[in-house]
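Inspection log for the structure reproduced underneath, given as structure tokens.
Only the coordinates and a few stated rules stand behind these numbers; no lab work does. Since the structure is predicted, the reported quantities are computational estimates derived from the model, not experimental observations. All Cβ positions, even for glycine, are placed from backbone atoms using ideal geometry, and neighbour counts span all protein chains on display.
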Amino acid sequence: MLIIDGDYPMAGGAIRSQRQLTVPIEQARGVRPDFVESPGRPDSGIMATIPEMRKAEVAAAIVKVLGCVLRDGHDHGDVRTDELSYAQAQGQLAYYRILQAEGHVRMLSSRGEFSDHMKAWFEADSHDDLPVGFVLGMEGADPILWPEQVHEWYESGLRVVSLSHYGVSRYSHGTGTGTDGGLQNDAVGLLREMDSLGMILDVSHTSDESIRQELDNFTGPVISTHQNCRAITPGERQIPDELLRQIIDRGAVIGHSMDTWMLYREGVDWANIPPRRDVFPESAVTLDDYCDHIDHVCQMAGNSLHSAIGGDTDGQGGADGAPFEVDTVADYQKVAEILDGRGYKQDDIENIMFRNWQRFFEMWLPA
């Protein structure tokens, strides 16, 4: 069965950890002594390479660029200045562009491109040589230095934007800041510029109050690329039912994250996240826990038209941060098996695995 992954921050991990993601995963996982691994994110835990995505039947993914500015009071940040934030995200965009030039991927910026790409995957006898489709998103809007600059990013292919990531961004409060802080600076101006372009707003990583204000000031399409349900797993990183209902009413697709901190039912202090293995063994979080979040959204909506896969692939720390049964993205196929065992019909399973994202982008990407 085809899969569309709603969240794969590929370029950040590839550049930061000097990973070779165009080769089979066994090769990419081999530790090379001339490369320095990122602390806590060893190459041996890489979950996805392009060949592994083809093997997993991941036809497309929302890939991200990010460049969070380090600010006083919040120790999560990639760079120290606004200019470096812009430059870092532009470098990640360049990574996707060279992958496309080499034929590994296809950037999907319009609904026609998306439809043609999915048609090719449906009709192919083998996916071994097909490019994987990428929809470009931005995780935390710090690299958009002023609202009007989003037009430049749009011309470069950016289609999905979340205003925040960890800490306080230029435009809003995000994960690790609690739920009460809202939008700031000229966030409303950015939302208006995004509206004028027909861009897509991602509410992942955004504080409750910021989401409320976003929904009041943005009239365009809304998604949550990688988010789980606070009704099941406590903590500010998950979305509460009140806001879940509102974004479902706006037609949102909710991609569910494989990050076990977002699935562990005891919860975590998102302002002070400890190492996972100091708190729970790998076997404590399973794909059944993951499917509980999918089912919660389906039950709330009364249908299967809003839940989807949003792996946070390798953004959550690799295989060690994924549910017990997941070693690579190929194991995402097990979600369909579990849903089948729970009595989900084939059409509903296909909705969750890929069709919801497909319909959304064929509706909301520009013509």
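How many percent of Cα pairs in the stretch 193-235 exceed 15 Å?
Working: 420 of 903 pairs.
Summing the P(r) tail past 15 Å for the stretch 193-235 gives 47 percent.
Viscosity 1.567 mPa s, temperature 4 °C: Stokes-Einstein D of the chain from its Kirkwood Cα radius, in µm² per second?
On the way: Rh = 20.2 Å.
Taking Rh from Cα pairs, D becomes 64 µm²/s.
Under a 10 Å cutoff between Cα atoms, tell me which one of LEU158, LEU201, LEU145 has the largest fluctuation in the Gaussian network model of the chain.
LEU145
Please list, in chain and number order, the residues 5+ apart from LYS64 or on another chain whose amide H is under 5 Å from its amide H, with Hs placed from the backbone.
Residues meeting the amide H criterion: TYR8, MET10, ALA11, GLY137.
How large are Rg and Dmax for the stretch 263-306 when only the alpha carbon atoms are used, in Å?
Taking only Cα atoms of the stretch 263-306, I get Rg and Dmax of 13.6, 38 Å.
Tell me, what ³J(HN,Hα) does each residue in the stretch 162-174 have, in order and in whole Hz, if you take phi through Karplus 6.51 cos²θ - 1.76 cosθ + 1.60 with θ = phi - 60° and put x for Gly and Pro?
Those phi angles translate into 9, 6, 9, 10, 9, x, 8, 8, 4, 10, 6, 7, x Hz.
Return MET262, MET199 ranked ascending by Cβ neighbour count within 10 Å, so the fewest neighbours appear first.
Lowest to highest Cβ neighbour count: MET199, MET262.
Apply the Karplus curve 6.51 cos²θ - 1.76 cosθ + 1.60, θ = phi - 60°, to the phi angles in the stretch 76-90 and return the couplings in whole Hz, x for Gly and Pro.
After applying 6.51 cos²θ - 1.76 cosθ + 1.60, I find 9, x, 8, 9, 9, 10, 4, 4, 5, 4, 4, 5, 5, 5, 5 Hz.
Picking from ALA124, ALA252, ALA11, which is most flexible by a Gaussian network model of the chain using Cα springs under 10 Å?
ALA124
Can you give the longest stretch of the chain with no exposed loop site, where a site means GluC sites (Glu not before Pro) in a DSSP loop (not H, G, I, E or B) with at most 11 other C-beta atoms within 10 Å?
Of all site-free stretches, the longest is 103-265.
What is the Rg over Rh value, at two decimals, for the stretch 142-252, using alpha-carbon atoms and the Kirkwood definition of Rh?
Radius of gyration relative to Kirkwood radius: 0.95.
Using Cβ contacts closer than 10 Å as the measure, can you line up ARG54, ARG170 from fewest to most?
In order of increasing Cβ crowding within 10 Å: ARG54, ARG170.
Can you work out the Karplus-derived ³J(HN,Hα) for every residue in the stretch 135-147? Use 6.51 cos²θ - 1.76 cosθ + 1.60 with θ = phi - 60°, whole Hz, and x for glycine or proline.
For the stretch 135-147, the Karplus curve yields 9, 8, x, 10, 9, x, 8, 3, x, 8, 6, 8, x Hz.
If you rank ASP259, ASP312, ASP43 by fewest surrounding Cβ atoms within 10 Å, what's the result? It would help to have the intermediate numbers written out before the result.
Working: ASP259 24, ASP312 28, ASP43 18.
Exposure proxy ranking, most exposed first: ASP43, ASP259, ASP312.
Taking the Cα centre of the chain as the origin and placing charges on Cβ (Lys, Arg +1; Asp, Glu -1), which of GLY176, HIS74, ILE25 is farthest toward the positive end of the dipole?
Final value for the positive-end residue is ILE25.
Could you size up the charge dipole of the chain around its Cα centre, putting +1 on the beta carbon of Lys and Arg and -1 on that of Asp and Glu, and report it in debye to the nearest 20?
Value, rounded to 20: 300 debye.
Could you pull out the trypsin sites (Lys or Arg not before Pro) across the stretch 307-361 that fall in loop regions by DSSP (anything but H, G, I, E, B) with no more than 16 other Cβ atoms inside 10 Å?
Here the sparse-neighbourhood loop sites are ARG342, LYS345.
In a Gaussian network model over the chain where Cα atoms closer than 10 Å are linked, find which of ALA271, ALA308, ALA60 has the largest mean-square fluctuation.
ALA271
Taking only DSSP H segments of four or more residues, each worth -39500 (n - 2.57), what value at 222 nm results for the chain once the sum is divided by all its residues, to the nearest 500 deg cm²/dmol?
-10000 deg cm²/dmol
Of GLY267, SER204, THR225, whose Cα points farthest to the positive end of the dipole of the stretch 177-289 (charges on the beta-carbon: +1 Lys, Arg; -1 Asp, Glu; origin at the Cα centre)?
My answer, from the dipole projection, is THR225.
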